[in-house]
1. Only one of (1) in a loop (DSSP other than H, G, I, E, B); (2) more than 17 Å from residue 109 (Cα to Cα) is not met by residue 25, so which one is it?
2. State all residues of the stretch 44-69 that are buried (at least 21 other Cβ atoms within 10 Å of the Cβ) and more than 19 Å from residue 109 (Cα to Cα); if no residue qualifies, say none.
3. With the condition kept exactly as written, say whether any residue in the stretch 2-16 is on the phi > 0 side of the Ramachandran plot, at pLDDT 95 or above and out of contact with any Ser or Thr (no Cβ under 6 Å at 6 or more places or on another chain).
4. Return the residues of the stretch 10-60 that are of a type in the set (Ser, Thr, Tyr) and out of contact with any strand residue (DSSP E or B) (no Cβ under 6 Å at 6 or more places or on another chain); say none if nothing qualifies.
Amino acid sequence: MSDVKKVLLVDDDANLVAVNRAVLESRGYTVTAAHSGPAGLVKAKADAPDLIVLDVMMGTNSEGFDLARALRKDDATKAIPLIMVTSVNTTVPFKFEPDATYLPVDRFLEKPVAPEALLAEIQGILS
């Protein structure tokens, strides 16, 4: 059994995915990516990652919220830790925080998040 941890990045910003992938892979993580919520759900079921980092606003303004709830409802993915990284709180006049029903994520981080800060959050959850 391998100690290499698998991280799935779900974000429609290809540049952000590339930067985060480079940082994570340089630290020994295996990284896969999806660029939409539906593709993220498929990848999560197929790849069984150890952790998922996801954006909120992709194809729709709530796509990441929808994905988080879908992941938590599915027996194959419900235990995977989720980190949501988004700028939604600067876009809409609401303050979003993790919530078991509406926003079932382990961490909610505001963009911009430095790749090293994201790495620290991932290491904290997976250690």
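The values are calculated or read from the model by the stated rules, or taken from the named source; none is laboratory data. The shown structure was predicted, so the numbers you read here are calculated from the model rather than taken from an experiment. Every residue, glycine as well, gets a Cβ built from its backbone with ideal geometry; the counts of neighbours run over all protein chains shown.
1. Just one mismatch for residue 25, condition (1).
2. Answer for the stretch 44-69, where residues must be buried (at least 21 other Cβ atoms within 10 Å of the Cβ) and more than 19 Å from residue 109 (Cα to Cα): 44, 49.
3. No, because not a single residue in the stretch 2-16 is on the phi > 0 side of the Ramachandran plot, at pLDDT 95 or above and out of contact with any Ser or Thr (no Cβ under 6 Å at 6 or more places or on another chain).
4. Scanning the stretch 10-60 gives 26, 36, 60.
Yes or no, residue by residue, for (1) among the hydrophobic types (A, V, I, L, M, F, W, C); (2) at pLDDT 90 or above:
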| position | (1), (2) |
| --- | --- |
| 62 | no, no |
| 81 | no, yes |
| 86 | no, no |
| 105 | yes, no |
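Per-residue answers, yes or no, for (1) in contact (Cβ under 8 Å) with a residue 60 or more places away in the chain; (2) within 23 Å of residue 116 (Cα to Cα); (3) under 12 Å from the mean Cα position of the chain (by Cα); (4) surrounded by 21 or more Cβ atoms within 10 Å (Cβ to Cβ):
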site	(1), (2), (3), (4)
9	no, yes, yes, yes
12	no, yes, yes, no
19	yes, yes, no, no
25	no, yes, no, no
42	no, no, no, no
